[in-house]
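Each remark here refers to the structure printed beneath this line.
The values are calculated or read from the model by the stated rules, or taken from the named source; none is laboratory data. Owing to the predicted nature of the structure, the values given are computational and were not obtained by experimental measurement. Note that each Cβ is placed from the backbone with ideal geometry, even for glycine, and that neighbours are counted across all protein chains shown.
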Amino acid sequence: MDNTGKHRTTVALRFADIDGLGHVNNANYLTYMESARIKYFNDVIGESIDWSKNGIILAQASINFKAPVEITDEEVIVHTWCSNIGTKSFELSYSIVNGKSQAIAAEGATTMVCFDYVEKRTMEMPELWKEKINSYENS
């Protein structure tokens, strides 16, 4: 993975993010990725979605930790990009960068599956979503 994703989300660190050892607890990185994923999806797809009918679910998440982040670092910047699109799913990749030092703190990926909440089953990814993601990533 690299941190070349052009979509950026800045996340302010909270005191509650810090563990007893003085650095951001590992569980919070999933929350940072979630915040970035929501912003990416809203910015790139940019349409009103009735999440009670059709949407996405998280199928898999992975994180590789590179360097600690401390409360005095104030914020992290999450670079997000779509690294793969399938028929019913897509993968988002993330690079979480320390806001102060600009060092890569963690890299991760999530597999998102398109889901029909009414029928309670997976569904094909809407062509419009594929088009918008491809257009954004290739612009």
**Complete:** Considering the range 30-48, residues that are of a type in the set (Gly, Ala, Ser) and out of contact with any Ser or Thr (no Cβ under 7 Å at 6 or more places or on another chain), and then whichever is nearest to Lys130 (Cα to Cα), we arrive at Gly46
**Fill in**
Counting only residues in the range 25-54 that are small (Gly, Ala, Ser) and under 19 Å from His7 (Cβ atoms), the one surrounded by the most Cβ atoms within 10 Å (Cβ to Cβ) is identified as Ala36
**Fill in**
When the range 57-109 is checked residue by residue, the ones that are of a type in the set (Ser, Thr, Tyr) and either without any contact (Cβ under 8 Å) to a residue 24 or more places away in the chain or under 30 Å from Glu124 (Cβ atoms) (or both) are Ser62, Thr80, Ser83, Thr87, Ser89, Ser93, Tyr94, Ser95
**Message:** With the condition being at pLDDT 95 or above and among the charged types (D, E, K, R), I'd like the strands (runs of 3 or more DSSP E) fully within the range 17-112 carrying at least 1 qualifying residues.
**Reply:** 75-85, 89-98
**Message:** With farther than 22 Å from Ala12 by Cβ, surrounded by 14 or more Cβ atoms within 10 Å (Cβ to Cβ) and touching a residue at least 60 places away in the same chain (Cβ under 8 Å) as the only criterion, which of Met125, Met112 stands out?
**Reply:** Met112
**Prompt:** Restricted to the range 55-89, and to residues that are of a type outside the set (Ser, Thr, Tyr) and in contact with a helix residue (DSSP H, G or I) (Cβ under 7 Å, 6 or more places away or on another chain), which residue is surrounded by the most Cβ atoms within 10 Å (Cβ to Cβ)?
**Reply:** Val78
**Item:** Pairs, first touching a residue at least 40 places away in the same chain (Cβ under 8 Å) in the range 22-35, second assigned to a helix (DSSP H, G or I) and surrounded by fewer than 16 Cβ atoms within 10 Å (Cβ to Cβ), C-beta under 9 Å, six or more apart
**Value:** Gly22/Ile71; His23/Ile71; Val24/Ile71
**Within the range 100-109, considering residues that are surrounded by fewer than 17 Cβ atoms within 10 Å (Cβ to Cβ) and not aliphatic (A, V, I, L, M), the one nearest to Asp73 (Cα to Cα)** = Lys100
